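J.: This structure is in structure tokens; I'll ask about it shortly.
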């Protein structure tokens, strides 16, 4: 006699309903890092002069506009961190999440790379104060702001990598030589070569300032620079060189068949740095005409313009490349036979 054994039906696998603890922790830490900066900006926009040595300087209308813009940018960082964490962020169009994180990486990457190291070196190996004596702001403001920026940069980058690996996993798996050449490949090669010249100008000036040069800087920056600021200039220059070299390597499919994500990350961070840092500097020159001497303003403006153009061209070239790569990957996946269609 055959005895039938009743086996309970297997429960269907259900997709994870939400982010894991690690991603929630990264999101919470990033938002917490934004809180002090947001608090200071809200206080200043409300009329407070907390943290100012010169209360009259806080009444500058240009600073009021700048504070409003930077407050909005930091608030956007909170939204971006949440989008990278929760499932509704997967439904946002790619350009709407990639554009703000590209700018955020460009602004924060030099700070993350330079400020902690520069502060440490200047604290233990230099007798000069971290900030000069003639600053309009009190020293603790710089400490709070740049500590927050450093933590924001680390948190946003970590959250983005986790998000990107989930949304575009193949980008982290393929090799550079395997990236298909789409219909705009010849244009990508041309744009990558065009971007080299302005990127070289931007990088050369940043590395000159990093080495101690002061030509092109306004009076306060020329006489009151610290090691962290010089290291930040050096980081911007090196990221610009890395971006130009990585982009040329990618569009030519040259070099060893390494992972596509490595040169892509270099081009991403470097192009964002050139564009965002230069655009900020250009807005300072245009928004505050008396802030720089005429000859200094012209030099600084030209360098900033070179950085904006190099970053924009590099970023657009990368966007074309990624769009074509994702289209090719989607087409390849849709062409694969499924189990039900296989005879």
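None of the figures in this text is laboratory data; all of them are computed from the coordinates on show. Everything quoted here is computed from the prediction, not taken from an experiment.
J.: Quote the relative contact order of segment 177-328 in percent (integer), defining contacts as alpha-carbon pairs under 8 Å separated by 6+ residues.
T.: Relative contact order of segment 177-328: 36 percent.
J.: Which length gain, in nm to one decimal place, applies between residue 330 and residue 28 when the Cα-Cα distance is subtracted from 0.36 nm times their residue separation?
T.: 105.4 nm
J.: Using only alpha carbons, build the gyration tensor for segment 20-167 and give me the equivalent ellipsoid semi-axes, biggest first, whole Å.
T.: 30, 20, 12
J.: I would also like to ask the following. How compact is segment 18-78 by the rule of thumb for globular proteins, expressed as Cα Rg over 2.2 N^0.38 Å?
T.: 1.42
J.: How far, in nm, would the chain grow between residue 57 and residue 286 when pulled straight, counting 0.36 nm per residue and subtracting the alpha carbon separation?
T.: Full extension of this stretch gives 80.6 nm more.
J.: Same structure again: Give the Rg/Rh ratio for segment 64-107, taking Rg as the radius of gyration of the Cα atoms and Rh as the Kirkwood radius, to two decimals.
T.: Here the Rg-to-Rh quotient is 1.03.
J.: Then there is this: What is the diffusion coefficient of segment 148-199 in µm²/s, taking the Kirkwood radius over Cα pairs and the Stokes-Einstein relation at 25 °C with a viscosity of 0.890 mPa s?
T.: 174 µm²/s
J.: Full-extension gain between residue 68 and residue 87, please, as 0.36 nm times their residue separation minus the C-alpha to C-alpha distance.
T.: 3.8 nm
J.: Please report the orientation-averaged projected area of segment 177-328, defined via the convex hull of its C-alpha atoms, in nm².
T.: 9.3 nm²
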